[in-house]
Amino acid sequence: MKIATSFLAALLFTGALGSINTAMSADGVISKDELATDSYCHEKFTPMTRQTLDADNPVLSNSGAIIDFYGPCNESPVGEDQIQDQKLEAQHHFTNDDIF
């Protein structure tokens with residue numbers, strides 16, 4: 001009986017680890033819900049690091065921050081639109097931090 005219980009616990013633990021590792025796909029998208037056929041989506045993805053926003057190949061951050069995006073389903077976390085939006089956001093943070 002103890003062996004069966006241990007086996008079941010190990011199986012559940014392994015399954016939980018597998019689901020955590022596959023929660024974020026290789027392109028940085030955490031979740032993607034299609035709200036209208038092929039046109040409008042709700043996506044959650046990680047932002048790029050501030051240091052790589054001007055680089056040719058921006059790197060996604062693992063800081064725990066999440067971008068909650070509503071828009072076209074073909075949006076890329078490292079696409080040109082997101083680079084511009086995140087640069088603007090970084091400028092706003094920089095400007096607001098200087099005021100105080």
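The values are calculated or read from the model by the stated rules, or taken from the named source; none is laboratory data. Nothing here was measured: the structure is a model prediction, and the numbers come from that model. Positions of Cβ are backbone-derived with ideal geometry, glycine not excepted, and every protein chain shown enters the neighbour counts.
Pairing each residue of the range 47-63 that is at pLDDT below 85 with any residue that is exposed (fewer than 10 other Cβ atoms within 10 Å of the Cβ) and not in a loop (DSSP other than H, G, I, E, B), provided the two are 6+ apart or on different chains, yields no C-beta distance under 7 Å.
Would it be correct to say that PRO58 is farther than 18 Å from HIS92 by Cβ and touching a strand residue (DSSP E or B) at 6+ places or on another chain (Cβ under 7 Å)? The answer is yes for PRO58. Reported count of residues in the range 37-55, each being closer than 19 Å to GLN91 by Cβ and assigned to a strand (DSSP E or B), is 1. Within the range 31-56, the set of residues being of a type outside the set (Phe, Trp, Tyr) and under 13 Å from the mean Cα position of the chain (by Cα) comprises SER31, LYS32, HIS42, GLU43, LYS44, THR46, PRO47, MET48, THR49. Out of the residues in the range 64-94 that are of a type in the set (D, E, K, R) and touching a residue at least 24 places away in the same chain (Cβ under 8 Å), which is nearest to ARG50 (Cα to Cα)? It comes out as LYS87.
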